[in-house]
Protein chains: 2
Amino acid sequence: MSGHPEDSSCELPGAPSADDRRHRQFDGAAWDGVTPRVYKLGGSSVPGAAWRDVVRHTLAGGAGEPMAFQLRYFEIEPGGYSSLEKHRHVHTIIVLHGAGRVVVGREVFDVAPFDFVYVPPNVPHQFVNAGPATFGFLCPVDADRDPPQPLTGEELHELLSEPRVREVVRVAETAGSGIQDEGPETHVVMARSAAPTQSP
Amino acid sequence: MSGHPEDSSCELPGAPSADDRRHRQFDGAAWDGVTPRVYKLGGSSVPGAAWRDVVRHTLAGGAGEPMAFQLRYFEIEPGGYSSLEKHRHVHTIIVLHGAGRVVVGREVFDVAPFDFVYVPPNVPHQFVNAGPATFGFLCPVDADRDPPQPLTGEELHELLSEPRVREVVRVAETAGSGIQDEGPETHVVMARSAAPTQSP
């Protein structure tokens, strides 16, 4: 374990709250006093490290609160996706808004509010907006966790041998991934057939 | 710390999932394979230990998953409330449904979807349904946590000296609290003026 990977790895520092208020109203887009931050900074050119149009709201656990987890909320805009990655720590998510597709190993789930997804240790995963609206989900996570790892070429090849995964997963093919993918003008995104559509 | 207080104290054991599915669809009332459980069992006759019409859904962390927290969802029916209690571990909640009032020390918050509330260590707190619909909220919590404690008489007196708290908080006055409050026929509930109404 390496503490908060945001502090030492490819993600930005958490967004410590600027105040100690105990109630944060949701105004339809954000919470009182919680500043949305960029999802992560890059540092890798490995396929799968790319991501697009993702922001993070850290609701708790980023400002020294005595708790073993952090409570984050992620928003992925239409056309956006998180990086394809793996790590020892598990993920749990609860969808709050929109429609998404979630790749968990060789499975793909269509998700809607308030669906739950569990990502076991070391299983490659990716969150993809699958609709015309913002895809938003809560993601509480262990405070003490290992940093995300990109997939090896072999793992990626194995994953893409599954037709449903190949259809959904987003992997930028060019160098420069690991920072925000600027879209098809600068990166070839595989599986274009899985472009955002309204979720069934 | 004493591990999972449900295992050693006043709460029922968690609801381990009967399967290892990674996606649990929400059907409007519950999640695939997650059985709602009674909130807790009693064991105290101290005022404040009473509760009414609360169920718990344990979504993750109750079946041996390698994670430092549990992800639970609570539902409180109209007229219902959780026990008034305190403990060292913090609470974070995100409202998913309905209207509630949350007592956090000497403050009272009116909450709606998707409001966030943080309860700091050792601060007395209570969750009260404040509307005609089910009040539902997510409550991720440290897996390793101390058991809830009722308030001392002095703490209760101090808390009730705050008019807004006195108006909202529910404290059964008779013996037998600590188990499910069967309603006004069997327990005198203070602050009846705070009976469920539609939240503003």
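The values are calculated or read from the model by the stated rules, or taken from the named source; none is laboratory data. All figures in this text were calculated on a predicted structure; none of them were measured in a lab. Virtual Cβ from ideal backbone geometry, glycine too; neighbours counted across all protein chains shown. We work out accessible area using only protein heavy atoms, side chains counted, and drop any ligands, DNA or RNA first. Shrake-Rupley method; radii C 1.70, N 1.55, O 1.52, S 1.80 Å.
Collect the residues in region B:106-125 that are open to solvent by 10 Å² or more (accessible area, probe 1.4 Å) and outside any strand (DSSP E or B), keeping them in residue-number order. Walk me through how you get there before you give the answer.
Restricting attention to region B:106-125, the residues satisfying the condition of being open to solvent by 10 Å² or more (accessible area, probe 1.4 Å) are B:106-110, B:112-114, B:118, B:120-124.
Hits for region B:106-125 are B:106, B:112, B:113, B:114, B:120, B:121, B:122, B:123, B:124.
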Per-region count, region B:20-32, residues within 10 Å of chain A (Cβ to nearest Cβ) and surrounded by 13 or more Cβ atoms within 10 Å (Cβ to Cβ): 8
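Please go through region A:37-64 and pick out each residue that is among the charged types (D, E, K, R) and either assigned to a strand (DSSP E or B) or modelled with pLDDT of 95 or more (or both).
Initial filter on region A:37-64 (among the charged types (D, E, K, R)): A:37, A:40, A:52-53, A:56.
Result: A:37, A:52, A:53, A:56.
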Filtered residues of region A:126-153 (kept if within 18 Å of residue A:83 (Cβ to Cβ) and open to solvent by 40 Å² or more (accessible area, probe 1.4 Å)): A:149, A:150, A:152, A:153
Pairs with Cβ under 6 Å, 6+ apart, first in region B:139-162 and of a type in the set (A, V, I, L, M), second surrounded by fewer than 20 Cβ atoms within 10 Å (Cβ to Cβ) and at pLDDT 95 or above: B:143/B:68; B:160/B:166
Residue list for region B:124-137, restricted to those being within 14 Å of another protein chain (Cβ to nearest Cβ) and farther than 15 Å from residue B:95 by Cα: B:124, B:125
Hey, residue B:48 within 13 Å of chain A (Cβ to nearest Cβ) and buried (at least 23 other Cβ atoms within 10 Å of the Cβ) or not: no
Any hit, region A:81-90, residues being within 11 Å of chain B (Cβ to nearest Cβ) and within 22 Å of residue B:95 (Cβ to Cβ): no
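Go through region A:65-80 and give me each residue that's within 14 Å of another protein chain (Cβ to nearest Cβ), charged (D, E, K, R) and either in contact (Cβ under 8 Å) with a residue 12 or more places away in the chain or in a strand (DSSP E or B) (or both).
Taking region A:65-80 first, the residues within 14 Å of another protein chain (Cβ to nearest Cβ) are A:65-75.
Adding the requirement that they be charged (D, E, K, R) leaves A:65, A:72, A:75.
Across region A:65-80, the qualifying residues are A:72, A:75.
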Filter result for the condition that a residue is within 8 Å of another protein chain (Cβ to nearest Cβ), under 15 Å from the mean Cα position of the chain (by Cα) and within 25 Å of residue B:72 (Cβ to Cβ), over A:140, A:113, A:121: A:140
Residue within region B:160-175 that is in contact with a His (Cβ under 6 Å, 6 or more places away or on another chain) and away from chain A (no Cβ under 14 Å) present: yes
Selection status of residue A:155, among the charged types (D, E, K, R), more than 10 Å from every other protein chain (Cβ to nearest Cβ) and not in a strand (DSSP E or B): yes
Condition check for residue A:95: under 12 Å from the mean Cα position of the chain (by Cα) and more than 7 Å from chain B (Cβ to nearest Cβ): no
